[in-house]
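Report on the following structure.
Here, each number is a calculation from the coordinates, and none is a lab measurement. On a predicted model such as this, the values are computed, not experimentally measured, just so you know. For neighbour counting, all protein chains shown are included, and Cβ atoms are generated from backbone atoms with ideal geometry for every residue, glycine included.
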Amino acid sequence: MAATEVRDDRNYTKEHEWALERPGEILVGITAFAVDQLGDVTLVNLDVAPGDRVEAGKVFGTIESVKTLSDLYAPVSGRVVRVNQALEEAPELVNEDCWDRGWMLAIEPDGPPAALLTADAYRKLVAENAH
């Protein structure tokens, strides 16, 4: 997985989370760029459970790596419908496959996502941060 990989099927935050719209929910994870910056992920701590509410731009958990501890930010407001339980036992899934198996939350959004970056806008952000 290249650190500059950006998928066209989702939107992004400036904090390097991705949001993938699916029928009735938005799947949330972190980008390849974030994974590259973090290094080997050792712990994913999700401070929410199904039924909890999250607010766009607010912290929903933390991710710890050999390099640092970072906050995770919700890209949309809504109700958590699922969390990726597999990350409790295997946080390395984020390193191995941040786009699919390493997802973190599924949120039933309050409305359409606002203020998220398109794939092209996120590519520009990553290019600026990479230099």
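Does any residue in the stretch 65-86 that is touching a residue at least 60 places away in the same chain (Cβ under 8 Å) come within less than 7 Å, Cβ to Cβ, of a residue that is part of a loop (DSSP other than H, G, I, E, B) six or more places away or on a different chain, and which pairs are these?
Qualifying pairs under 7 Å: 73/13; 73/15; 73/57; 73/58; 75/13; 75/56; 75/113; 75/116.
I'd like the full set of residues that are over 18 Å from residue 93 (Cβ atoms), surrounded by 14 or more Cβ atoms within 10 Å (Cβ to Cβ) and of a type in the set (A, V, I, L, M, F, W, C), limited to the stretch 49-74.
54, 56, 59, 74
Step by step: first the residues of the stretch 32-46, then only those that are closer than 19 Å to residue 82 by Cα and within 14 Å of the chain's Cα centre (by Cα), then the one that is surrounded by the most Cβ atoms within 10 Å (Cβ to Cβ). Which residue is that?
My answer is 44.
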